Structures are given as C-alpha cells and as structure tokens.
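The values are calculated or read from the model by the stated rules, or taken from the named source; none is laboratory data. Every value quoted in this text rests on a predicted model; they were computed, and no experiment measured them. In this analysis, Cβ positions are derived from the backbone assuming ideal geometry, glycine residues included, and neighbour counts consider all displayed protein chains.
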C-alpha cells in the first residue's frame with residue numbers, strides 16, 4: 001500500500017493521476033471532498049497533520065509514503081508514527097534551496113530540519129528537491145484577466161522553474177521502482193526563465209498584449225502580508241533576493257536522466273494552462 005499526502009495540492013494531485021495499475025493507493029486528505037476524481041480507484045481517508053491521532057489510521061498497512069507538508073512542525077509526529085507503523089520508504093517533497101548554504105531564510109531552515117527528521121526516522125528515503133514550480137505563474141492570472149498586468153519582484157532575475165507534472169512523474173517512479181532509496185533528486189526545468197520572459201510567453205501564445213511590472217520590495221511586502229504571516233513574508237523576500245543574485249539559475253540533469261526525456265518547458269506548461277489566464 002502506498003500512502004499519498006498532499007493529494008489536493010499542485011504536485012500531489014498530479015502524482016495520484018500518474019500511478020500505474022497495480023499498486024494499492026491510499027490518500028490522506030484533510031478534506032476528502034477536494035480529492036480529484038482522477039483518484040477514484042484510490043482509498044481516501046480523512047487525515048490531518050495537526051491531529052495526532054489521524055496519521056496512525058492512514059498509515060496502517062502502508063509500506064511507502066509520498067510526503068508533502070506545508071506547515072512548520074507537520075513532519076515530526078507523522079514520521080515517528082510512520083516508523084512505528086512499519087513504513088519502509090518515504091519519498092519527501094523538499095526544495096532545491098536546501099543545498100544552498102546561502103539560503104538561511106525561515107522556510108529553507110524548516111525544510112532542512114524536515115530532511116534531517118526523514119533521515120533519522122525512515123528506514124529508506126528519497127528526497128525530491130525541485131526549483132520553483134512553473135504553476136506559480138497562476139498567481140498572476142487574476143491581474144492578467146483584469147488589467148493585462150503581471151507584477152513580479154525582480155522580474156529580470158532567472159529561475160530554472162520546473163513543471164509540477166515532471167516532479168510528479170519522478171515521485172511515482174521513486175515510489176514504484178527500485179534504485180531510488182537514499183537518493184536526492186534535484187529537479188529543474190530545461191532553461192532559466194525570468195518573469196519578463198514568462199509574461200512574453202503568456203502574451204504570445206493567445207496573441208494579446210501583456211506588461212510585466214516590478215514592485216519595489218516594500219510594495220511586495222505589503223501585498224504578501226495580506227496572504228502570509230510576517231516571518232513567511234520575510235522568507236519569501238529573502239528567496240527573491242537570492243534569485244536576483246543568480247542563486248536559482250543553474251540547470252540540473254535530474255529529470256532527463258530519471259525520465260529519459262527533456263524536462264518540460266515553461267512554454268509547454270503555459271500552452272496547457274492558457275484557460276486559467278483567459279478573459280479580462
């Protein structure tokens with residue numbers, strides 16, 4: 001039995017869609033009603049990282065786990081419960097910034113602690129460390145529809161962002177194939193792109209004018225504080241500054257080696273998601 005957490009999220013829902021016929025799959029979700037119809041053959045159970053009792057039931061009879069956590073402190077109890085339940089292999093979604101000694105923001109430090117917990121608790125583990133998701137561009141959809149504008153801090157800075165569908169395909173292989181235990185897979189797209197270049201792609205594909213505007217850091221801070229706690233906002237701003245300094249402009253061969261094909265491009269991702277930006 002394979003347990004998938006985060007199945008309603010960006011990567012997790014793609015993982016569920018990609019399982020081959022054969023392995024039994026269980027999904028742990030805080031709100032089972034949000035689980036995609038693509039997961040109909042999977043068993044869906046209610047579970048919450050913040051509820052100490054719920055992971056034990058979800059982990060019963062499970063041999064492998066795809067672990068996605070979004071809150072500081074989520075992993076500790078879950079991983080200890082997984083070890084007690086006899087789980088052998090945990091595939092953990094982390095982030096490429098963990099390997100960057102210059103990244104000392106709150107979010108990256110939290111991810112490093114979670115990786116240490118994983119190594120301590122799981123008999124077998126695999127780490128997936130992607131760069132930023134191409135799907136982060138969906139945060140521009142509302143402003144594109146309303147006024148044809150993209151607002152991006154340090155819009156000329158480059159990032160080897162990655163298609164979440166590629167991350168999911170690697171995750172499924174790590175969960176269902178031999179040879180991934182004890183491995184760290186760093187996952188990037190095929191080329192470094194900037195927000196300015198992404199805006200140009202989103203304009204060219206449907207043939208409409210778009211502009212990319214760059215707020216100053218204080219303006220960005222004000223906007224982000226409407227969505228996130230102050231400490232998280234500062235972590236995001238630190239991450240953006242590291243991108244400006246070139247820390248995220250390095251390609252990795254993880255996806256071509258693991259999947260036997262090139263990593264998906266931003267143009268390809270955008271073409272498949274144009275409907276999200278339509279209107280206005």
Quiz item: Out of (1) closer than 19 Å to residue 130 by Cα; (2) surrounded by fewer than 18 Cβ atoms within 10 Å (Cβ to Cβ); (3) in contact (Cβ under 8 Å) with a residue 60 or more places away in the chain, what's the single condition that is false for residue 264?
Solution: (2)
Quiz item: In the range 48-61, how many residues are surrounded by 19 or more Cβ atoms within 10 Å (Cβ to Cβ) and either modelled with pLDDT of 90 or more or in a helix (DSSP H, G or I) (or both)?
Solution: 3
Self-check item: Which numbered condition residue 208 fails, given (1) part of a helix (DSSP H, G or I); (2) exposed (fewer than 14 other Cβ atoms within 10 Å of the Cβ)
Solution: (1)
Quiz item: Restricting the range 173-187 to residues that are in contact (Cβ under 8 Å) with a residue 12 or more places away in the chain and more than 12 Å from residue 90 (Cβ to Cβ), which is nearest to the chain's Cα centre (by Cα)?
Solution: 187
Practice problem: Go over the candidates 17, 41 one by one and state the one that is within 22 Å of residue 165 (Cβ to Cβ) and in a helix (DSSP H, G or I). | Solution: 17
Quiz item: strands (runs of 3 or more DSSP E) wholly in the range 63-156 with at least 1 residues that are in contact (Cβ under 8 Å) with a residue 24 or more places away in the chain and within 30 Å of residue 215 (Cα to Cα) - which ones?
Solution: 124-130, 149-151
Self-check item: Output for the range 236-249, where each listed residue is touching a strand residue (DSSP E or B) at 6+ places or on another chain (Cβ under 9 Å) and farther than 20 Å from residue 135 by Cβ
Solution: 246
